[in-house]
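Okay, so here's the structure we're looking at.
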Amino acid sequence: MDICRVQAVNTAIVIGASSGIAKAIFTELADNAEIEQIITISQKELVFNVSNNIHHHISCDYTMNGSGNSASNDANENIARVCLALSSIKGRITKVFICNGRLHSLNNQMSVHTHNPQTSKSPENLQIEPSTVLSPEKRLEDITPASMLSVFQSNTLVPMMWLQHLVKLVNGKQACIISVLSARVGSISENQLGGWYSYRASKAALNMLIKTSAIEYARRAKNTKLIAFHPGTTDTELSKPFQANVPEGKLFTADFVAQQLLTIHQGIEFNNQAEFLDWQGKTVQW
Ligand SMILES: NC(=O)c1ccc[n+]([C@@H]2O[C@H](COP(=O)([O-])OP(=O)(O)OC[C@H]3O[C@@H](n4cnc5c(N)ncnc54)[C@H](OP(=O)(O)O)[C@@H]3O)[C@@H](O)[C@H]2O)c1
């Protein structure tokens, strides 16, 4: 794998780069004179409009589509392979953004429900089918093992596997901020509304993994800061089916959210502790 500018000291990596928020982060980074190289990573081949040669895209199949264990192992191996290829820029990475997260697969078809006949399989034989329909559950009966597992795979396992393999890339003198896109609904203490079982739980588990990883990063990559970031409701594919219920002025553009996150970075304290921050830079209770 050819990494375009091995000499670039200030490299940013954007993972899950097809996300609406990730694209806006990319634009912010491309406009930032301090950033010398941007590496985007996605399951998809993507083209970004950038006028100079600071950008390099890597496609990586981490989707875990296909059958259970072997799909998970393949995804983990693919992530490990990408991180190995990136070892040539070890010590030069200053920012990582992990943007992966799914709430639904509705594609604006709000009438689709979660029932999937394939989930009558026993748990050990459960397979994640690419066609599993995801929709945030309103009540207990809406939960299916296949859809819950699928949400956990993309929202929790994939970011965790990146955290697992990135530790060896950021363990140098270079300070690095790893921002993982979480969500306020993953806050256990702030959960007053209920519902959205899989998404909520996948983000709560993600938060726990970020906090736990920060303890190990403090030993193994002490110049790294881990942030669980809540962007607020942002105008992307993820929020589209729910935007009608958003109060006026509370639906943010991805550009605004990306600017907020980059501004928050400027005041970040490297104290070896994970933080759960919202778009204003305010602490969210775990
Ligand atoms: N939009 C909001 O209102 C809002 C609110 C709170 C939190 N968030 C969080 O912000 C992050 C970005 O969201 P967005 O609004 O920009 O969403 P989006 O545009 O719908 O992007 C979807 C993201 O999920 C990834 N993804 C899709 N299928 C996947 C799979 N099978 N396995 C792993 N990753 C997969 C995509 O990565 P690829 O590039 O590889 O396809 C992409 O990064 C998410 O973590 C989301 O939970 C968003």
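No lab work stands behind these numbers, since they all come straight from the coordinates. Just so it is clear, the model here is predicted, and its values are computed rather than measured. Quick reminder, even Gly has a Cβ in these numbers, built from the backbone with ideal geometry, and neighbours come from all protein chains shown.
For the stretch 1-101, trypsin sites (Lys or Arg not before Pro) meeting the loop criterion (DSSP other than H, G, I, E, B) and having at most 15 other Cβ atoms within 10 Å: 44, 90. Using the Cβ atoms and a cut-off under 14 Å, what net charge is assigned to the surroundings of residue 178, where Lys and Arg are +1 and Asp and Glu are -1? So the environment of residue 178 carries a net charge of +4.
Structural descriptor for the stretch 136-207: relative contact order 52 percent, calculated from alpha carbon pairs under 8 angstrom and at least 6 residues apart. Just checking the listed ones, 187, 19, 70: in the Gaussian network model of the chain with Cα springs under 10 Å, the one fluctuating most is 70.
Think of the chain as having a plus end and a minus end, set by charges on the Cβ of Lys, Arg, Asp and Glu; of 163, 218, 10, 218 sits farthest toward the positive end of this dipole. Among the GluC sites (Glu not before Pro) in the stretch 240-285, those located in a DSSP loop and surrounded by at most 15 other Cβ atoms within 10 Å of their own Cβ are 248, 269. Projecting the Cα atoms of 273, 238, 257 onto the charge dipole of the stretch 236-286, computed from C-beta unit charges around the Cα centre, puts 238 farthest toward the positive end. Between 191, 245, 171, the GNM of the chain built on Cα springs shorter than 10 angstrom shows 245 fluctuating the most.
For the stretch 137-281, the square roots a ≥ b ≥ c of the C-alpha gyration tensor eigenvalues yield an a/c of 1.5 or more together with a/b not exceeding b/c, which makes the shape oblate. Antiparallel DSSP bridges in the chain: what percent, to the nearest 5? Roughly 5 percent of the beta bridges in the chain run antiparallel, per DSSP. Reducing the stretch 210-248 and the stretch 16-59 to their Cα centroids gives an inter-centroid distance of 18 Å. Using the Cβ-Cβ distance between residue 173 and residue 138 with R0 set to 45 Å, the FRET efficiency works out to roughly 0.35. Placing a pseudo-label 7 Å from each Cα along the Cα-to-Cβ vector at residue 50 and residue 256 gives an inter-label distance of 2.6 nm. In a simple Cβ point-charge model (Lys, Arg +1; Asp, Glu -1; nothing else charged), the chain has a dipole of about 660 debye relative to its Cα centre.
Between 85, 183, 274, the Gaussian network model of the chain with springs among Cα atoms under 10 angstrom shows the greatest mean-square fluctuation at 85. With the helix formula -39500 (n - 2.57) applied to DSSP H stretches of n ≥ 4, the chain reaches a computed 222 nm mean residue ellipticity of -9500 deg cm²/dmol. Sorting 201-210, 277-286 by their mean Cβ neighbour count within 10 Å, with the most densely packed peptide first, gives 201-210, 277-286.
Based on C-alpha pairs under 8 angstrom that are at least 6 apart in sequence, the chain has a relative contact order of 19 percent. When the listed pairs 173/250; 44/240; 90/250; 138/282; 95/138; 138/225 are checked against a 32 Å cut-off, the alpha-carbon distance exceeds it for 173/250; 90/250; 95/138; 138/225.
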